[in-house]
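One structure below.
The values are calculated or read from the model by the stated rules, or taken from the named source; none is laboratory data. This is a predicted model, so every value here is computed, not measured. For neighbour counting, all protein chains shown are included, and Cβ atoms are generated from backbone atoms with ideal geometry for every residue, glycine included.
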Amino acid sequence: MSSVQKKSEVQVPFMEPEEKVEDVKTRPIAATIILAIGVTAIVIGMAASISIGVRDIHLGTVFEAVFAFNPNNDLHQIITSLRLPRAIAGAMVGAGFAVAGGNHARDDTESIS
């Protein structure tokens, strides 16, 4: 057998050895819907994280602080120096946990077989 395999013989993780790449079915519409729901949930969660605190700040003020920053406005200072970095860091940590959990789940399924 040559070192270069035919395209139909390529193995894909999580597949049985007898399955071929051609047998894998994709669901691009379902993936797009799930991705859109996930992104929407992240945006809503970050907006809530930024606007809710000891002093509630309206979402319009948050939008102004991000896109039309006024250094003389105390709320803009609070948003850009405290709440926005905390929300971004939380989203990044959550993404890291998701990737780590995905890798852990893949390792578990590979060790079962």
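Quick notes
- Checking the stated criteria, residue 42 turns out to be at pLDDT 60 or above and either under 23 Å from residue 103 (Cβ atoms) or not in a helix (DSSP H, G or I) (or both).
- Index of the failed condition, residue 109 passing every other in (1) touching a helix residue (DSSP H, G or I) at 6+ places or on another chain (Cβ under 9 Å); (2) at pLDDT below 95; (3) of a type in the set (S, T, N, Q): (1)
- Selected residue (criterion: surrounded by the most Cβ atoms within 10 Å (Cβ to Cβ)) from residues of the range 31-61 that are closer than 20 Å to residue 73 by Cα and hydrophobic (A, V, I, L, M, F, W, C): 50
- Residue 68 being among the small types (Gly, Ala, Ser), free of Cβ contacts under 8 Å to residues at least 12 places away in the same chain and closer than 29 Å to residue 98 by Cα: no
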